[in-house]
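Undergrad: What follows is a structure written as structure tokens; I'll ask about it next.
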Amino acid sequence: MTLLAVDGLEMRFGERLIQTGVSFKIEKGTIFAIMGGSGCGKSTLLRHLVGLQPPAAGSVTYNGLDYWAADDEAQAKLRAAFGMLFQSAALWSSMTILENVCLPLEQHKKEMDEAQREARAREVLEWVDLAKFADYYPSDLSGGMKKRAGLARAIATEPPLLLLDEPSAGLDPISSKRLDDLVLDIRERTGAAVVFVSHELPSLFAIADDGIFLDADSKHPIAHGSPSALRDSATHPTVRAFLMREEPPAAPAGAAKPVPFTP
Ligand SMILES: Nc1ncnc2c1ncn2[C@@H]1O[C@H](COP(=O)(O)OP(=O)(O)OP(=O)(O)O)[C@@H](O)[C@H]1O
Ligand SMILES: [Mg+2]
């Protein structure tokens with residue numbers, strides 16, 4: 001069953017086109033990868049999906065409801081269904097980890113009292129192995145711990161759609177594998193669909209069921225499918241360079257060449 005349908009999305013900043021013709025569907029319980037080189041528009045696409053920034057054109061339909069055409073009340077209701085881990089983790093520095101994780105519960109779970117919210121926040125911190133750090137501030141945590149705290153905040157309300165922007169970037173391979181296992185575990189436990197942006201090939205191959213590849217040069221998607229299927233069958237040289245570390249396509253004629261350093 002389709003949870004999210006993106007149709008003919010166009011992404012721009014002012015006059016500058018970032019991507020056009022972006023269409024895909026995400027089924028319930030699917031782990032969906034957004035792939036592509038730096039600056040191709042992956043984080044911007046996530047912002048269009050979670051209602052933080054309207055696209056220049058196209059639609060984002062969630063459970064049959066067109067988000068950007070819906071009224072404020074319907075949009076607010078839909079936003080309660082999204083759990084987002086930002087690329088920078090985006091924790092509030094003046095709040096403890098526990099307070100950060102309680103925030104979405106205060107916003108979206110009005111039926112819970114304070115004690116219930118705290119108990120729930122401690123439970124998700126346990127899942128991400130940060131129970132002992134509940135009273136720490138974000139500045140007291142390592143990069144990987146911040147990512148896990150951001151993940152705890154994103155999953156606190158058990159949203160049916162979880163969006164993760166480079167959850168394992170900057171993590172060592174063991175922490176990265178743990179994070180993958182955690183994402184699989186969350187999907188198993190809650191039945192959530194997960195949209196994640198990643199450059200980490202082991203993660204992409206291990207957990208993604210489906211995906212899309214955005215190309216910065218042509219400014220439109222150049223491949224659809226699971227990363228492992230694309231690894232085995234993609235023909236586009238940019239996709240092959242990304243997934244198989246093949247020689248990348250040559251830079252366009254006239255592109256600036258690096259100038260050798262002469263002391
Ligand atoms: N607020 C903004 N105003 C203007 N341009 C922006 C803004 N945010 C992003 N861009 C531009 O849009 C393009 C896509 O940015 P985005 O952050 O979505 O890329 P990305 O694929 O997530 O890259 P990375 O892999 O490096 O995180 C980039 O060229 C960037 O310069
Ligand atoms: Mg990004």
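No lab work stands behind these numbers, since they all come straight from the coordinates. If you're wondering where the values come from, they're calculated on a predicted model, not measured in any experiment. With ideal geometry, Cβ positions are generated from the backbone for all residues, glycine too; neighbour counts draw on all protein chains shown.
Undergrad: If I model the stretch 100-222 as equal point scatterers sitting on the Cα atoms and use the Debye formula, what is log10 I(q)/I(0) at q = 0.11, 0.12, 0.15, 0.21 Å⁻¹?
TA: -0.41, -0.49, -0.73, -1.24
Undergrad: Once every DSSP H run of n ≥ 4 in the chain is given -39500 (n - 2.57) and the sum is divided by its residues, what mean residue ellipticity at 222 nm do you get, rounded to the nearest 500 deg cm²/dmol?
TA: It comes out at -11000 deg cm²/dmol, rounded to the nearest 500.
Undergrad: Please get the size of the charge dipole for the stretch 128-227, origin at its Cα centre, with Cβ charges of +1 on Lys and Arg and -1 on Asp and Glu, quoted in debye to the nearest 20.
TA: That gives the stretch 128-227 a dipole magnitude of about 240 debye.
Undergrad: Using the per-residue mean of other Cβ atoms lying within 10 Å as a proxy for protection, in what order, highest first, do the peptides 112-122, 28-38, 138-148 fall?
TA: In decreasing order of mean packing, 112-122, 28-38, 138-148 become 28-38, 138-148, 112-122.
Undergrad: Identify, among Val124, Asn100, Gly143, the residue whose Cα sits farthest towards the positive end of the charge dipole of the stretch 84-145, taking +1 on the Cβ of Lys and Arg and -1 on the Cβ of Asp and Glu, with the dipole about the Cα centre.
TA: Farthest towards the positive pole: Gly143.
Undergrad: Let me see the pair-distance distribution of the stretch 1-46: every alpha carbon pair, 5 Å bin width, integer percents in order.
TA: Calculated P(r), rounded to whole percents: 5, 18, 27, 25, 15, 7, 3, 1.
Undergrad: Please report the spacing between the Cα centers of the stretch 26-94 and the stretch 160-195 in Å, no decimals.
TA: The two parts, judged by their Cα centres, are 17 Å apart.
Undergrad: Could you work out how far apart the two model spin labels at Lys77 and Ser94 are, taking each label as a point 7 Å from the Cα in the direction of the beta carbon, and quote it in nm?
TA: 3.4 nm
Undergrad: Net charge near Phe205: determine it from the other residues with C-beta under 15 Å of the C-beta of Phe205, scoring Lys and Arg +1 and Asp and Glu -1.
TA: With Lys, Arg at +1 and Asp, Glu at -1, the net is -2.
Undergrad: For Leu17 and Lys132, what does the FRET efficiency come to when R0 = 45 Å and r is the distance between their Cβ atoms, rounded to the nearest 0.05?
TA: So the FRET efficiency works out to roughly 0.45.
Undergrad: Moving to a separate point now. Hey, what D do you get for the stretch 58-126 in µm²/s if you plug the Kirkwood alpha-carbon radius into Stokes-Einstein at 20 °C and 1.002 mPa s?
TA: For the chosen part, D equals 154 µm²/s.
Undergrad: Of the DSSP beta bridges with both residues in the chain, give the percent that are antiparallel, rounding to the nearest 5.
TA: 55 percent
Undergrad: OK, next. Please get the size of the charge dipole for the chain, origin at its Cα centre, with Cβ charges of +1 on Lys and Arg and -1 on Asp and Glu, quoted in debye to the nearest 20.
TA: 440 debye
Undergrad: How long are the semi-axes of the ellipsoid equivalent to the stretch 1-96, from square roots of 5 times the Cα gyration tensor eigenvalues, in whole Å, largest first?
TA: 20, 19, 15
Undergrad: Counting only other residues whose beta carbon sits under 9 Å from that of Ala33, what net charge do I get with K and R as +1, D and E as -1?
TA: Cβ neighbours under 9 Å give a net charge of -2.
Undergrad: Obtain the nm distance between the two label points defined at Ser218 and Leu184 by a simple spin-label model: each point lies 7 Å from its Cα along the Cα-to-C-beta direction.
TA: 3.3 nm
Undergrad: Same structure, new question: So, R0 is 22 Å and r is the distance between the beta-carbons of Leu65 and Glu158; what FRET efficiency does that work out to, to 0.05?
TA: Given R0 = 22 Å and the Cβ-Cβ separation, E is 0.65.
Undergrad: Quick check: net charge around Pro54, other residues with Cβ under 15 Å of its Cβ, Lys/Arg +1 and Asp/Glu -1?
TA: -2
Undergrad: For the chain, report the translational diffusion coefficient in µm²/s to the nearest whole number, using Stokes-Einstein at 37 °C, 0.692 mPa s, and a Kirkwood Rh over Cα pairs.
TA: Estimated via Stokes-Einstein, D reaches 169 µm²/s.
Undergrad: Give the aspartates and glutamates whose C-alpha is closer than 16 Å to that of Lys147, dropping any in the same chain fewer than 8 places away, or say none.
TA: Hits, sequence-local ones excluded: Glu99, Glu126, Asp129, Asp165, Glu166, Asp172, Asp180, Asp181, Glu200.
Undergrad: Additional query: So which of Lys77/Lys177; Lys28/Lys132; Lys110/Lys146; Lys42/Lys110; Lys77/Lys132 end up more than 29 Å apart by C-alpha?
TA: Flagged as over cut-off: Lys77/Lys177; Lys28/Lys132; Lys42/Lys110; Lys77/Lys132.
Undergrad: Using only Cα atoms, what is the ratio of the radius of gyration of the stretch 175-220 to 2.2 N^0.38 Å?
TA: 1.33
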